[in-house]
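*Asks:* This is the structure I want to talk about, given as structure tokens.
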Amino acid sequence: MRFGATILDAEGLRLTGEEVALFRDVNPFGFILFGRNINTVDQIRALCGDLRDAVGRNCPITIDQEGGRVQRLRSPLARQWLPPLEHVLASGRNAERSMYLRYRLIADELHALGIDSNCAPMVDLAGDDTHPFLKNRCYGSTAKTVADLGRAVAQGLLDGGVLPVLKHLPGHGRATADSHHDLPHVGADPASLDRTDFAAFRSLKDLPMGMTAHLVYDAIDASPATTSAVMMRLIRDQIGFDGLIMTDDISMKALNGAPAENAAASIKAGCDLVLYCNAPLADRAAVAAAAGEMTEAAQIRANRALAARQIPTELDIDAVEAELSALMGGLVYG
């Protein structure tokens, strides 16, 4: 049986009986955790175990743990990190090494709790007009900078046994609206996009998983990238990304229409997986039904991504923290 073409979430700290029944029935590829799912070390480990037991396999469990404003795990469960852009600026010429160490430590925090995927690196380019919801989460303003730092982030996660999820394909940095609330439009011409935003993702096209952006590239297609067959072909052919592609959360206000309609449209456009969060059980069931099972091509990509999970490399936490502090002049945590 193929995996269901969804990544779903739980309502609380433990699964309800109704959630167990739904997850067993629709067999989502994996799950994502939010702040409402997090309390103590033992509780998180138990929830991860419940989620995997519900589908009967060692499915991936992901989280948004960029550090800074976007991190679901906070003190005392995890270090409180600077926003990525502040970290990069504090590191100066040491940024590549310091970002590797930062995300190797993040991976250690996640893996110890049973979480084996992270929605990072984020290689959207920061510009003068980048919306504040995104800007200090960026790594820089040039394709080479963010690609080099994105590679360091991804390797830190992989070395820690955590799958990286590259986002937001094919580039969210030019958006001047927050896609959680509105649909951003980007008016740049295709050639400029290919030299900048798309180039950053092209450099990381070998990563195992990626996430789409809910925004319209007006010069290329009139539909949001997540539901645009034109944009999905661009991601596959022009950027060359052949990893497993999940949507950004389709409950975000950037997408019009019912969630089940958006799920079906995303799969039809070429996404492999639908991410759907923060919804009643009936809506999660409707989205899972609309997304259906993975296509044969998506299942191949899924198996390849799962094979990229590895046993964490040995980590001397004291030595890593000391090196990171030295690289950043002591300014490590937020």
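*Asks:* About the Cα centre, and with charges only on the beta carbon of Lys, Arg (+1) and Asp, Glu (-1), how big is the dipole of region 177-290? Nearest 20 debye, please.
*Replies:* It works out to roughly 200 debye.
*Asks:* Quick one: which of 93-103, 165-175 comes out on top by average Cβ neighbours within 10 Å, and what's the full order, highest first?
*Replies:* 165-175, 93-103
*Asks:* Using a 10 Å cut-off around each Cβ, can you sort Thr313, Thr226, Thr212, Thr176 from fewest to most neighbouring Cβ atoms?
*Replies:* If I rank by nearby Cβ atoms, fewest first, I get Thr313, Thr176, Thr212, Thr226.
*Asks:* Hey, if you put +1 on the Cβ of every Lys and Arg and -1 on every Asp and Glu Cβ in the chain, which of Leu125, Val274, Pro76 ends up farthest toward the positive end of that dipole?
*Replies:* Most positive-ward Cα: Leu125.
*Asks:* With 10 Å bins from zero, work out the P(r) of region 34-79 over every alpha carbon pair and list the percent per bin.
*Replies:* 25, 51, 22, 2
*Asks:* Kirkwood hydrodynamic radius (Cα pairs, Å) of region 180-334?
*Replies:* Taking the inverse mean of 1/r over all distinct Cα pairs, region 180-334 comes out at 17.7 Å.
*Asks:* For region 62-101, compute Rg over Rh where Rg is the Cα radius of gyration and Rh is the Kirkwood radius from the inverse mean 1/r over Cα pairs. Kindly include the intermediate steps, with their values, before the conclusion.
*Replies:* Details: Rg = 10.8 Å, Rh = 10.7 Å.
Over the Cα atoms of region 62-101, Rg/Rh equals 1.01.
*Asks:* Principal axis extents for region 259-334, Cα atoms only, whole Å, descending order, please.
*Replies:* 51, 29, 22
*Asks:* Just to be sure I understand the rule: take each whole DSSP H helix in the chain, project its Cα atoms onto its long axis, keep it if the span is 30 Å or more and its mean Kyte-Doolittle hydropathy is at least -1.0. Which ones pass?
*Replies:* none
*Asks:* Quick one: the Cα spread of region 89-243 along its three principal axes, in angstroms, biggest first?
*Replies:* 43, 30, 28
*Asks:* What dipole magnitude, in Debye to the nearest 20, does region 1-88 give about its Cα centre under +1 on Lys/Arg Cβ and -1 on Asp/Glu Cβ?
*Replies:* For this selection, approximately 200 debye.
*Asks:* Same structure, new question: Relative contact order for the chain: what percent, with Cα pairs under 8 Å and sequence separation of 6 or more?
*Replies:* Worked out over the chain, it gives 19 percent.
*Asks:* For the chain, just the Cα set please: Rg and Dmax, both in angstrom.
*Replies:* Using the Cα atoms of the chain, the pair Rg, Dmax is 18.7, 52 Å.
*Asks:* Kindly put Met252, Met232 in sequence by how many other C-beta atoms sit within 10 Å of each C-beta, fewest to most.
*Replies:* Met252, Met232
*Asks:* If you take the C-alpha gyration tensor of region 204-292, multiply each eigenvalue by 5 and take the square root, what semi-axes do you get, largest first, in whole Å?
*Replies:* Computed over region 204-292, the values are 22, 15, 10 Å.
*Asks:* Pop out the Kirkwood hydrodynamic radius of region 15-137 from its pairwise C-alpha distances, inverse of mean 1/r, in Å to one decimal.
*Replies:* Averaging 1/r across every pair of different Cα atoms and inverting gives 15.9 Å.
*Asks:* What lysines could a cross-link reach from Lys135, if we take a straight Cα to Cα line under 29 Å and drop same-chain neighbours fewer than 8 places away?
*Replies:* Filter leaves Lys144, Lys167, Lys205, Lys253.
*Asks:* At a 10 Å Cβ-Cβ cut-off, how would you order Phe31, Phe3, fewest neighbours first? Display every interim value, and only then the final one.
*Replies:* Working: Phe31 26, Phe3 22.
By the 10 Å Cβ count, ascending: Phe3, Phe31.
*Asks:* To the nearest 20 debye, what charge dipole does the chain have about its Cα centre, counting +1 at the Cβ of each Lys and Arg and -1 at the Cβ of each Asp and Glu?
*Replies:* Numbers: 32 positive and 42 negative charges, 53 e Å.
That gives the chain a dipole magnitude of about 260 debye.
*Asks:* Could you tell me which residue out of Ala326, Gly114, Val41 lies farthest along the dipole of the chain toward its positive end? Charges go on the beta carbon: Lys and Arg +1, Asp and Glu -1, centred on the Cα centre.
*Replies:* Ala326
None of the figures in this text is laboratory data; all of them are computed from the coordinates on show. The structure displayed is predicted, hence computed values, not measured ones. A quick note on method: Cβ atoms are made from the backbone with ideal geometry, for glycine too, and the neighbour counts reach across all protein chains shown.
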